[in-house]
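Trainee: Have a look at the structure that comes next, please.
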Amino acid sequence: MAEAAGVRTERPGRGPAGAPADPTGPGDRGAEPWRWVTGLRAYGLIVAMWVRSAMAYRVSFVLTALGNFSVTALDFVAILLMFAHVDALGGYTLPEIAFLYGTSGVAFGLADLALGSMDRLGRRVRDGTLDTMLVRPAPMLAQVAADRFALRRVGRVAQGLLVLIWALAALDVDWTPVKLVLLPVMLLSGGVIFTAVFVAGGAFQFWAQDASQVQNSFTYGGATLLQYPPTVFARDLVRGVTFVVPLAFVNWLPALHILGREDPLGLPGWVDFLPPVVALVCCALAGLVWRAGLRSYRSTGS
């Protein structure tokens, strides 16, 4: 439905007559403290619906999860084949590369499991089905994030976790209390950073509409980039993923501290402990971009 066709298309937060307003809209300022609670509850209900749907065909779910596990495992098989001919890559041994691979895989897998459906937003914008979400009494972000939730993606998380466990067993690391705390913080913060990238990439599709591949270049492409040590890439690229799109805080920088490696950019040591702060900043920026994109939405025009 388009304004050009004489049908009034309401902006988020001001639903059509008789329809509930979107809780994420600008007209719902009084509900600000409850916005996150409402969003998480709506997300949980939609996810539970899709999980029940997947569990109705359990054999199919197991097969697709195993398929997802196997496909992602091929990346690590390629690394194993590479190390059949070399002893080190960029000065890093196989267990160290496996550590980077595992931390990147787990962090990205968690974000992909939670918000992997964000790349469908452009399709919904083009075909007009996004309009149906605007009149539902649930935050738009929660609906888009949980849309067609694919529990089979847990296979990616499991595969990355198995590689990480093997790497931890093979590495000779002098574990300290700080390093023991930094490891789970790195995984959780990395997942949140990737989540913010998913949200920002989804918001970009409000303007570009057909930009899912651009989003994937930063999400899937970024996860692949982080599987390898920063020493094999040009310094300008390392600066870009540190100061522009801060994917280096997912695992590169904290992993340098755990592995006892020097920072190729010469950054001070305290930077290695910033992933939680960077994750919060990324979430705030992604939220602003999402709100700007949602406010600019004017239906499909057809």
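Trainee: Quick one, can you get me the convex hull of the C-alpha atoms of segment 127-169 expressed as volume per residue in Å³?
Mentor: Roughly 96 Å³ of hull volume per residue.
Trainee: Considering only protein heavy atoms, what is the solvent-accessible area of Arg156 at a probe of 1.4 Å, reported in Å² to the nearest 10?
Mentor: 50 Å²
Trainee: I'd like the distance separating the alpha-carbon centroids of segment 106-162 and segment 223-302, in whole Å.
Mentor: Going from one Cα centre to the other spans 21 Å.
Trainee: Something else: Please give the helix 212-225 orientation as an angle from the longest Cα principal axis of the chain, in degrees from 0 to 90, rounded to the nearest 10.
Mentor: The answer is roughly 20 degrees.
Trainee: Given a 1.4 angstrom probe, what's the average accessible area per residue across the chain, in square angstrom?
Mentor: So the chain comes to 49 Å² accessible per residue, rounded to a whole number.
Trainee: Let me ask another. Using a 1.4 Å probe and counting only protein heavy atoms, arrange Val185, Val163 so the residue with the most accessible area comes first.
Mentor: From most accessible down to least: Val185, Val163.
Trainee: With axes computed from alpha carbons, what is the tilt in degrees of helix 154-170 against the longest principal axis of the chain, rounded to the nearest 10 within 0 to 90?
Mentor: That works out to roughly 20 degrees.
Trainee: Carbon and sulfur together cover what percent of the accessible area of segment 183-302 at a 1.4 Å probe radius?
Mentor: 67 percent
Trainee: Given the convex hull of the Cα atoms of segment 79-170, what is a quarter of its surface area in nm²?
Mentor: If you wrap the Cα atoms of segment 79-170 in a convex hull and average its projections, you get 8.1 nm².
Trainee: Report, in deg cm²/dmol and to the nearest 500, the calculated mean residue ellipticity at 222 nm for the chain, where each DSSP H run with n ≥ 4 adds -39500 (n - 2.57) and the sum is divided by the residue count.
Mentor: Per the formula, -20500 deg cm²/dmol.
Trainee: To test your reading of the geometry: what angle, between 0 and 90 degrees and rounded to tens, separates the Cα axis of helix 35-55 from the longest principal axis of the chain?
Mentor: Helix 35-55 sits at roughly 80 degrees to that axis.
Trainee: Take each of the peptides 167-180, 102-115, average the number of other beta-carbon atoms within 10 Å over its residues, and list them starting from the highest.
Mentor: My ranking of the peptides, most packed first, is 102-115, 167-180.
Trainee: I would also like to ask the following. With viscosity set to 0.890 mPa s at 25 °C, what whole-number translational diffusion coefficient in µm²/s follows for segment 151-285 from Stokes-Einstein and a Kirkwood radius over Cα pairs?
Mentor: 154 µm²/s
Trainee: Give the ranking of Phe233, Phe204 by solvent-accessible surface, highest area first, calculated with a 1.4 Å probe.
Mentor: Largest to smallest exposure gives the sequence Phe204, Phe233.
The values are calculated or read from the model by the stated rules, or taken from the named source; none is laboratory data. What you see is a predicted model, and the numbers here were worked out from it, not measured in a lab. Cβ sites come from the backbone with ideal geometry, for glycine too, and all protein chains shown count toward neighbours. The area values use the complete protein model at the heavy-atom level, side chains included, leaving out ligands, DNA and RNA. Shrake-Rupley method; radii C 1.70, N 1.55, O 1.52, S 1.80 Å.
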